[in-house]
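Only the coordinates and a few stated rules stand behind these numbers; no lab work does. Since this is a predicted model, take the numbers as computed values, not measurements. Every residue, glycine among them, receives a Cβ derived from its backbone with ideal geometry; neighbour counts consider all protein chains shown.
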Amino acid sequence: MIRQMRVAAFASLLLCGGMALPVVAHADAPQWLAPPVMYPPDTWKGRGVAIVRILDKLDAHVQILNIPAGQDATYKSLTLHARACLERPPTLPADTAAWLAVRDAHEGMTPFDGWMLTQEPALGLFQNPLYDVQVVGCAGADVAPIPPPLAVVQQQATPADVPAAPSAAAVGTAAMAPDGAASPATPQQATTLPPLPPLPPQPSSPPPVRPAAPSLSSPVAPMAAPPPAAEDNSAAAPLLLH
């Protein structure tokens, strides 16, 4: 009797624990947060000043110049013109790109006119036997291009969630029901396509020559008669020898 009471108590404990487990697991379930909104990776914003670093190879002197966009700056025999300076928005990895035109007054020096990037200096770097010129960053006020707000970027990044508005052609082709109510256009009316252009003429080729059929009036060669079948002597009477 005591053993049966222990088994019943243990069974009731298991049942109570099984009912409480789903409640505890549901209360401790993690709640995932939405990912942060970020600009597309090809987004840039403009700044008004380009920061350029110049290395003089003769005396190892480093000079930092702040060149406003659209203006010139000089350093010894160098003339630098900044056309634009761009940098990444705060939500993207830091990078700077400046369009510079560099000229050296010494004879025989090759000029430079193009983009210089901070993270990839090998793609745009002015070097000659006297100087090294490289972009460091941007400064000044924000100028065009100015990236849109993050809310607009999020709306543009998910166009599939926004239902497409009906086109004017589909609305204009809606049929009228007998009672005067507008009925939706049929697929044939909504998807009417313009006629296809005619195919270009194909080069004409002579028709293939076919063998002429034999005429009924032409003489027909007589068919050879089949050779006579060999006589079967198996059933002939045997010869009697005297």
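Grab the beta carbon distance between Glu107 and Ala151, set R0 = 41 Å, and tell me the FRET efficiency rounded to 0.05.
So the FRET efficiency works out to roughly 0.15.
Under a Cβ-only charge scheme (Lys and Arg +1, Asp and Glu -1), can you give me the dipole magnitude of the range 72-127 about the Cα centre, in debye to the nearest 20?
80
Along the charge dipole of the range 35-152, Cβ charges K/R +1 and D/E -1, which of Pro129, Pro40, Ala60 sits furthest on the positive end?
Of the listed residues, the answer is Pro40.
Cβ under 15 Å from Met109's Cβ, Met109 left aside: what net charge do those residues give with Lys, Arg +1 and Asp, Glu -1?
-2
For the modelled label position 7 Å from the Cα of Ala60 along Cα-to-Cβ, which residues of the range 105-136 have backbone nitrogen atoms closer than 17 Å?
130-132
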